[in-house]
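The values are calculated or read from the model by the stated rules, or taken from the named source; none is laboratory data. Bear in mind the structure is a predicted one, so any value in this text is a computation, not a measurement. Neighbour counts are summed over all protein chains in view; Cβ atoms, including those assigned to glycine, are modelled from backbone coordinates with ideal geometry.
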Amino acid sequence: MAIPDLPVNPGAPASTWNEDLIFEALADHARRRMLVALAAGGPRTAEDLQPVTGKRRDATLKHLVWLRKAGLVMQQENKRDGRKYLYALAPNLPLTRTDKGGTLDFGFLAVRW
């Protein structure tokens with residue numbers, strides 16, 4: 001499946017989740033690990049996420065595109081280094097944090113760590 005070009009800062013978040021797109025995005029272990037890393041540690045560059053995925057930088061960027069396509073991650077300007085983008089969780093994610101970990105609960109799918 002071809003991955004479309006996405007805007008740097010997507011518009012208003014979707015009010016409903018596309019279940020197929022969420023399942024497809026989170027079916028890959030590297031993408032789930034990146035999502036958990038962003039939830040636990042805040043915004044990061046693709047270089048920072050590369051060790052989390054265990055993949056090369058170009059593969060890490062492709063995974064980030066999938067997460068953006070699903071509406072799970074947003075890309076933002078990096079004020080410290082204008083050459084690299086920061087990736088962060090989308091603000092509309094159903095995220096709950098506790099002292100024992102966190103949960104992303106979409107109603108039809110939950111990711112816990």
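Restricting attention to the range 19-68, which residues are touching a residue at least 60 places away in the same chain (Cβ under 8 Å) and under 20 Å from Phe108 (Cα atoms)?
Residues satisfying the conditions are Glu19, Ile22, Phe23, Leu26, Arg32, Leu35, Val36, Ala39, Trp66, Arg68.
Just to verify a result, which residue in the range 83-93, among those that are farther than 11 Å from Leu35 by Cα, surrounded by 12 or more Cβ atoms within 10 Å (Cβ to Cβ) and not aliphatic (A, V, I, L, M), is modelled with the lowest pLDDT?
Lys84
Would you say Lys79 is touching a residue at least 12 places away in the same chain (Cβ under 8 Å) and either of a type in the set (D, E, K, R) or closer than 25 Å to Asp20 by Cα (or both)?
So Lys79 fails the test.
Out of His63, His29, I need the residue that is of a type outside the set (Lys, Arg) and surrounded by fewer than 20 Cβ atoms within 10 Å (Cβ to Cβ). Which one? Break it down into steps so the answer makes sense when it comes.
Working: His63 fails: surrounded by fewer than 20 Cβ atoms within 10 Å (Cβ to Cβ).
Sole residue among the options that is of a type outside the set (Lys, Arg) and surrounded by fewer than 20 Cβ atoms within 10 Å (Cβ to Cβ): His29.
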